[in-house]
Amino acid sequence: MSQPHFSFDGSQIPFRPGQSVGAALTAVGVRSWRSTRGAGRPRGLFCGIGVCFDCLIVVDGRPNERACLRLAEPGMEVSTQEGTGHGDLEV
Amino acid sequence: MPDVVIVGAGIVGAACAYYAAREGLSVTVLERGNLAGGTTSRGEGNILVSDKEPGPELNLALASRTRWRELAAEFGPDPFELEEKGGLVVATSDPGAAALTRFAEGQRATGVETVAVSADQLHDHEPNLAPDLPAGVLYPQDMQVQPVRAAVSLLAAARSLGATVACGEEVVAAERGPDGRVTAVRTRTGRYPTDAVVNAAGTWGGQVGERLGAPIPILPRRGFILVTEPLPRVVRHKVYSADYVENVASDVAGLETSTVVEGTQGGTVLIGASRERVGFDDTMSVEVLRRLAALAVRLFPFLADVRLMRTYHGFRPYCPDHLPVIGADPRVRGMFHACGHEGAGIGLAPATGRLISQMLTDGQPDIDPSAFAPSRFAQVTTG
Amino acid sequence: MTSKSERRFDVLVVGAGPAGLAAATSATRAGARTAIVDAGVAPGGQYWRHPAPSEHGVSAAEVAHLHHDLATYHRLVAGLPAVAQFFQHHVWTVTRDRRGFVVHLVDRTGGGEQAVELHSRRLVLAPGAYDRQIPFRGWDLPGVMTAGGVQALLKGHGVVAGQRVLVAGTGPFLLPVAAGLAESGARVVGVHEAASPPAWLSELGAVIRNVGKLGEGAGYARVLARHRIPVRARSVVVSAHGTDAVERVTTMRLDHQGRVVPGTERTVAVDVLAVGWGFTPQLELPLALGCATRVDVDGSLVCEVDDEQRSSVEGVFVAGEACGVGGAALATVEGQIAGAVAAGASSVAPRLRRSRAALRRFAQAMHRSHPVPPGWVDRLSDDTTVCRCEEVPFGALRSMQQDLVGHDGRSAKMLTRVGMGYCQARTCGYAVSCILGQEPSGTSGFAERPVSSPLTLGALATSCPTENDPPPAE
């Protein structure tokens, strides 16, 4: 059986069923997937258990998903989150 | 010996302290808890004219708005985060639109700037509003400050003029001389001789009045605010539905909710407003949150996909006739009240502080304070 | 058997870690209609974290070697079929109604978000704890992780956080983290424990009564020795370096007072730093219900409970780390007691009471011998991030303190935005309380979180109460 994948900023990321998006990204050496809304600093997993909200990521167009909690699914479209993740809203 | 002791270091106490110190009075502020730790820290920092019908409170609000701008010019706008963002009141039904238009006409006659906004213009002002709203009125004079910063800055300015601010000092009683005049205020741990005392204890003003021998009818009216996750500046004005105007002036004890939505400099969107007379009940009400969320989504549909991050609640100091109590108490010489501003304390604070300082120095008041006199309550004149 | 479509229970347990599992199984054994609710994908909590059950996925067998006392875990899990289970359900608040309590949940199964309510006559709160952190230069770089986070990646996902890992902080938990990493193929370049090695010797009495716990520690020590991992006592990480991720960390020696010794800096290349300073219990739910609290030996805010795990609020029981951080064995005993009493058991077995007392003494001995060493605030510079969410630097707090009198946690939040971000001060609350010179996490307003898990306004707006229960009678 072939390994499932999800896309991350256009690349295909393999994962094992039951892994979180954050765990799958870590396994392939991706360390950060968010830039802070103030200084634009990179962030990734910190607490790893849903407490710190540092690992926020966009999943299927939905921002502020916790990468450490959200289970990876085949065909999911995952992308880096810039700032609030709501840049699509009209200001 | 101080000329005046001010009880309460919320926004109204801070404004009283600042203006009294500027008049050259020797000022001591006594605060039971921490600076700006009561209702001041539980609101959005509104400085509104839009929600007030013509009458004494609107006059006070217009005067106070001018004072806020003066203060910003004096202190620099940064310490307060003063933002002249304007208010946009929207009707959600055709009869509501007609009522709003009439209300705005009355306000305009008193000197409030109002701009009628038709259905097709609403989105020029607020691009994310629901598509089906019939009309609105823009109030360019509505403003906002960061209330804790504002109170803290006023207190710091008062201190630099010689005022003393003491936290953790809970007032328990007043001492009076043979002529009945206040001579000192006692706290749990200390005694502060003074010629005058100002009750600026906000929602707890009734209690403090009683301890000082001059009870006044102030009751808590609970309100919840929902705070969203950080967003870009997707809501430009303070936006509220026209039914807010009715609720503010209502006497109903049960839960009333209207929609108030606004963005903040921190990025969060704040959603109010609920009004309940449930005493000082501190427990969370999911039903209130649910209603506020539903109303906010009705006005701004994009909010359905935005997450609620926290809530907070506070207790507005509420008088039976919805007017603040500002002035000398006829029962105790040297005793003044400056409380009961309901949800408008931030906006009304500077004008209140000015009035109190003018009363303390026997100066000419800026505006007619008679509607706010404590003697309007039967319990004050007969007690 | 209690079905999942049920919405009303006699006992509802929040948390499926050691305490919660024990509470649920003992409540159901005592005949109560019982439910268990947990944000995770599988029973176990942090201590017995397991992968999400799936075909072809990471298997429980694969991570078994990382676990301790799996026999107890399997015994507890064997009782679960009789319990209504709600995994991937996050509690966002708890309220009361006339018959008991309403637990408000966000159902996140399948990545969705739906508000759900469950009702119960009694509650057992076993919300557990998370790694306590103190800020230092560079701690916001990717690759700097909590020790618990590194462990969660291993146990829950079969993923090794990095290739070259330094483990630091204080407490017995650092050892299993380092051992697990080494056994899973990472190069552990060092374990830097801030405490003195023989510190617990002064607590010998408590330790002797818990030789089982010591045996656990000895097992990890053997693993570390086998992998030739240097363990340094009285050593602390003072900074992490790197541009877009951690590349190096600098450690320093501590003197007997816990202050850094000048000139002892050593810098080592790493791709992950795993750090933890004990644990912070999750107190938001007990606080939302008004449960009385106290500050424990380790400086954590914890719930007051009586001998039968009753909180100060009628009908609310608290078990595990939320009434004092003490590890899985203690949590299991507390959960057993809480579950049985919540289900109406009339007495608690003396054996359980004795066991709880001994384990508590051991936990307190461990707390006393693994304090957060003083002086970390002095090492902060004005540009060191304290609040990661809102990117508030230490300088903002320092200048606020200089300018003002009479501020507390609330005003610090309002004036600097510290603790106002997405994590709601979970990460920085302890540190900010210390910086403000207050009792850690006590009265400073950093422990209350009226919304304990974010949910969309749409989910909240469209949720409907199970039925219109009247409010509790006054």
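The values are calculated or read from the model by the stated rules, or taken from the named source; none is laboratory data. Because the structure is predicted, anything quoted here is derived from the model rather than measured. Please note: Cβ atoms are built from the backbone with ideal geometry, for glycine as well, and neighbour counts cover all protein chains shown.
Residue-wise test of (1) touching a Gly at 6+ places or on another chain (Cβ under 8 Å); (2) closer than 30 Å to C:A178 by Cβ.
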{"site": "C:V275", "(1), (2)": "yes, yes"}
{"site": "C:A288", "(1), (2)": "no, no"}
{"site": "C:V302", "(1), (2)": "yes, yes"}
{"site": "C:D306", "(1), (2)": "no, no"}
{"site": "C:V313", "(1), (2)": "yes, no"}
{"site": "C:G320", "(1), (2)": "yes, yes"}
{"site": "C:I337", "(1), (2)": "no, no"}
{"site": "C:V341", "(1), (2)": "no, no"}
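So which residues in the range B:100-141 are surrounded by 15 or more Cβ atoms within 10 Å (Cβ to Cβ), within 14 Å of chain A (Cβ to nearest Cβ) and part of a loop (DSSP other than H, G, I, E, B)? Scanning the range B:100-141 gives B:E126, B:N128, B:L129, B:A130.
Residue by residue, here is whether (1) free of Cβ contacts under 8 Å to residues at least 24 places away in the same chain; (2) facing chain A (nearest Cβ under 9 Å); (3) outside any strand (DSSP E or B); (4) among the basic types (K, R) holds:
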site	(1), (2), (3), (4)
C:P127	no, no, yes, no
C:Q133	no, yes, yes, no
C:L141	no, yes, yes, no
C:G149	no, yes, yes, no
C:L154	no, no, yes, no
C:V159	yes, yes, yes, no
C:G162	no, yes, yes, no
C:L166	no, no, no, no
C:G169	no, no, no, no
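Residue count for the range B:289-312 satisfying the condition of being at the interface with another protein chain (Cβ under 8 Å from one of its Cβ atoms) and outside any helix (DSSP H, G or I): 7.
All of (1) more than 27 Å from B:R233 (Cβ to Cβ); (2) assigned to a loop (DSSP other than H, G, I, E, B); (3) within 8 Å of chain C (Cβ to nearest Cβ); (4) at pLDDT 95 or above hold for A:A39 with one exception: (1). Selection of the range B:154-169 for residues being facing chain C (nearest Cβ under 10 Å), assigned to a helix (DSSP H, G or I) and of a type outside the set (D, E, K, R) yields B:L155, B:A156.
For the residues B:A15, B:A9, B:A20, the requirement of being surrounded by 24 or more Cβ atoms within 10 Å (Cβ to Cβ) and within 14 Å of chain C (Cβ to nearest Cβ) singles out B:A9.
One line per residue, one yes/no per condition, for (1) assigned to a helix (DSSP H, G or I); (2) over 19 Å from B:L154 (Cβ atoms); (3) not assigned by TED's automatic domain parsing to the domain that holds B:L212:
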| site | (1), (2), (3) |
| --- | --- |
| B:G327 | no, yes, no |
| B:L348 | yes, no, no |
| B:A351 | yes, no, no |
| B:Q358 | yes, no, no |
| B:D366 | no, no, no |
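Please indicate, with yes or no, whether at least one residue in the range A:55-72 is within 22 Å of B:R307 (Cβ to Cβ), within 7 Å of another protein chain (Cβ to nearest Cβ) and assigned to a loop (DSSP other than H, G, I, E, B). Within the range A:55-72, one or more residues are within 22 Å of B:R307 (Cβ to Cβ), within 7 Å of another protein chain (Cβ to nearest Cβ) and assigned to a loop (DSSP other than H, G, I, E, B).
The residue pairs whose first member lies in the range A:56-74 and is modelled with pLDDT under 95, whose second member is surrounded by 20 or more Cβ atoms within 10 Å (Cβ to Cβ), and whose beta carbons are closer than 6 Å, counting only pairs six or more residues apart or on different chains, do not exist in this structure. Of the residues making up the range A:21-36, those that are facing another protein chain (nearest Cβ under 7 Å) and either of a type outside the set (V, I, T) or closer than 24 Å to C:V392 by Cβ (or both) are A:A23, A:A27, A:R31, A:S32, A:T36. Scan the range B:298-341 for residues that are basic (K, R) and over 25 Å from B:P193 (Cβ atoms) and the total you get is 4.
Residues in the range B:170-218 that are in a helix (DSSP H, G or I) and among the hydrophobic types (A, V, I, L, M, F, W, C) were compared, and the one that is surrounded by the most Cβ atoms within 10 Å (Cβ to Cβ) is B:V208. Selection within the range C:412-437: residues that are among the basic types (K, R) and buried (at least 22 other Cβ atoms within 10 Å of the Cβ). The member of this set that is nearest to the other protein chains (Cβ to nearest Cβ) is C:R426.
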